[in-house]
Amino acid sequence: MLQKFWKWYESHLTENTVIAAGLFVLQLAHLYWLTTHVVIHKAFGFSLFDPSPLLQWLIIVVDYTEIPALIATSIIYINELRKKKGSHFKEWLYLFFLNIQFVHIFWITDEFVIDQFVGVANSTILPAWAAWVAIMIDYLELPVIFETLKKAFVLVKQKISHA
């Protein structure tokens, strides 16, 4: 069954990579919000971006695309590990960067979503240092987003040139 999956995955590699990259690129909106609204506010006491309630809900929706993005992108790197001979450092590093994001998801659920659903400001149960660690972890997505986009562009270019 696993061999069937990998055969299907390889036969649709371009589409799978583009979907993963597309889902992952949505996280840039979340990272923008995180930087300009949360980080700046927590560090300096003011915000450079104060989203409306509707925009906050859209950010929550985008943030929940992180889970399928993490899964889809992890499969890209697992597939590369499965096929590649030699050094695997980059693939293992990116898998680590991807899957440590689940720590961040616990923070964002605690800090932001609960605030929105329950209406209690600053309801986090995490100590402040843990929230900062979770925020820093979230930025580990950036090199993986860039690399996944690069892979998607290369695959699309190859597909177009072979058509």
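Among the residues of region 1-16, the ones that are of a type in the set (A, V, I, L, M) and either in a helix (DSSP H, G or I) or surrounded by 16 or more Cβ atoms within 10 Å (Cβ to Cβ) (or both) come to 2 in all.
Restricting attention to region 46-68, which residues are under 21 Å from the mean Cα position of the chain (by Cα) and either aromatic (Phe, Trp, Tyr) or open to solvent by 40 Å² or more (accessible area, probe 1.4 Å) (or both)? Selection gives Phe49, Leu55, Trp57, Leu58, Val61, Tyr64, Ile67, Pro68. Report yes if Ile71 is within 18 Å of the chain's Cα centre (by Cα) and open to solvent by 60 Å² or more (accessible area, probe 1.4 Å), otherwise no. When the stated conditions are applied, Ile71 passes them. In this structure, is Glu80 open to solvent by 30 Å² or more (accessible area, probe 1.4 Å), in a helix (DSSP H, G or I), free of Cβ contacts under 8 Å to residues at least 12 places away in the same chain and under 17 Å from Leu155 (Cα atoms)? Yes. Just one of (1) part of a loop (DSSP other than H, G, I, E, B); (2) farther than 23 Å from Leu149 by Cβ fails for Ser87. It is (2).
For region 17-45, a residue qualifies if it is touching a helix residue (DSSP H, G or I) at 6+ places or on another chain (Cβ under 8 Å), open to solvent by less than 30 Å² (accessible area, probe 1.4 Å) and either of a type in the set (S, T, N, Q) or under 22 Å from Thr148 (Cβ atoms) (or both), and the qualifying residues are Thr17, Ala20, Ala21, Phe24, Gln27, His30, Leu31, Trp33, Leu34.
Within region 150-163, the set of residues being open to solvent by 50 Å² or more (accessible area, probe 1.4 Å) and in a helix (DSSP H, G or I) comprises Lys150, Phe153, Val154, Val156, Lys157, Gln158, Lys159, Ile160, Ser161, His162. Taking the criterion of being assigned to a helix (DSSP H, G or I) and among the small types (Gly, Ala, Ser), the residues of region 25-47 that qualify are Ala29, Ala43.
The values are calculated or read from the model by the stated rules, or taken from the named source; none is laboratory data. Being a predicted model, the structure only gives us computed values, none of them experimental. Note that we place each Cβ from the backbone using ideal geometry, even for glycine, and neighbour counts take in every protein chain shown. Accessible surface areas use protein heavy atoms only, side chains included; no ligands, DNA or RNA. Shrake-Rupley method; radii C 1.70, N 1.55, O 1.52, S 1.80 Å.
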